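*Asks:* One structure is given below, represented as structure tokens, and several questions about it will come after.
The values are calculated or read from the model by the stated rules, or taken from the named source; none is laboratory data. The structure displayed is predicted, hence computed values, not measured ones. Virtual Cβ from ideal backbone geometry, glycine too; neighbours counted across all protein chains shown. Surface accessibility is based on the protein's heavy atoms, side chains included, excluding ligands, DNA and RNA. Shrake-Rupley method; radii C 1.70, N 1.55, O 1.52, S 1.80 Å.
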Amino acid sequence: NLEIDFDAQTITITGSADTINSVNTFVDTLKFTTYTQEGGTPTNAFTEVVLSSFGRDDKGASYQITMKFDPAIFDSTKQV
């Protein structure tokens, strides 16, 4: 599940995975995701990436990730 709050510039992702290690890899990938505007330098797409909750059972792992996003990545007037 993906929820985006454009006013607060936040994203919440809720889901499940096979292991908590997979979740941690996903969180790290989000932390290091960059974008470049035309003629610019790489910029982090997401900040304050937090694994806000997680759980484990014999079927896998559940998680909720919250983060802030740079509004430029959704701005249709910019070349990203």
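*Asks:* Could you work out, for the chain, what percent of all Cα-Cα pairs fall into each 10 Å distance bin, beginning at 0 Å and stopping at the bin that holds the largest distance?
*Replies:* 18, 44, 27, 10, 1
*Asks:* Moving on to the next point. With Cβ to Cβ distances under 9 Å as the rule, what net charge do the other residues near Gln9 carry (K, R +1; D, E -1)?
*Replies:* Counting the neighbours of Gln9, the net charge comes to -2.
*Asks:* Just to confirm, what accessible area per residue do you get for the chain at 1.4 Å probe, in whole Å²?
*Replies:* That works out to 67 Å² for each residue.
*Asks:* Tell me the angle of helix 20-31 to the major Cα principal axis of the chain, expressed in degrees between 0 and 90 and rounded to the nearest ten.
*Replies:* Its long axis makes an angle of about 10 degrees.
*Asks:* Still on this structure: Please report, as a whole percent, how much of the solvent-accessible surface of the stretch 1-76 comes from carbon and sulfur atoms (probe radius 1.4 Å).
*Replies:* After summing per-atom areas, the C and S share lands at 49 percent.
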